[in-house]
Amino acid sequence: MYWVVLVASGVLEAVWATALAASNGFRRPWPVVVFAVSTTLSVVGLAWAMRGIPVGTAYAVWVGIGAVLTVLVAVVRGQEKLDVAKAALLVVLIGCVAGLKVVS
């Protein structure tokens, strides 16, 4: 269950990062609300997952999931371009996150 919550918290990290960008410096209220709620839930989930997963592993997985999904959301929304090098590095990052699960 710790891993399920950790993955969900990583997804929420991508949500809050995207909402933060959409808030235009905290000037748009709805993205600010989404940012505040998703940040809180993401960090609470991370903290809970750390009860059963070592801190270094949990944090690396949380950041890795959030980073990859944030980039993918930006690509889908047309805010960022995905070239071969960036795609390859994201695949490596996903592999590292999966590897941490395997060795834990």
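Below are the figures for this structure:
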read-out: Any hit, the range 52-73, residues being touching a Cys at 6+ places or on another chain (Cβ under 8 Å) and touching a residue at least 40 places away in the same chain (Cβ under 8 Å); value: yes
read-out: Identity of the residue in the range 59-86, over 12 Å from the mean Cα position of the chain (by Cα) and surrounded by 13 or more Cβ atoms within 10 Å (Cβ to Cβ), that ends up nearest to residue 12 (Cα to Cα); value: 74
read-out: The range 1-27 residues that are closer than 16 Å to residue 100 by Cα and free of Cβ contacts under 8 Å to residues at least 60 places away in the same chain, paired with ones that are among the polar types (S, T, N, Q) and surrounded by fewer than 17 Cβ atoms within 10 Å (Cβ to Cβ) (beta carbon under 9 Å, 6 or more apart); value: none
read-out: Any hit, the range 14-26, residues being surrounded by 14 or more Cβ atoms within 10 Å (Cβ to Cβ) and not in a helix (DSSP H, G or I); value: yes
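Where a number appears in this text, it was derived from the coordinates with a stated rule and is not lab data. Owing to the predicted nature of the structure, the values given are computational and were not obtained by experimental measurement. Every residue, glycine among them, receives a Cβ derived from its backbone with ideal geometry; neighbour counts consider all protein chains shown.
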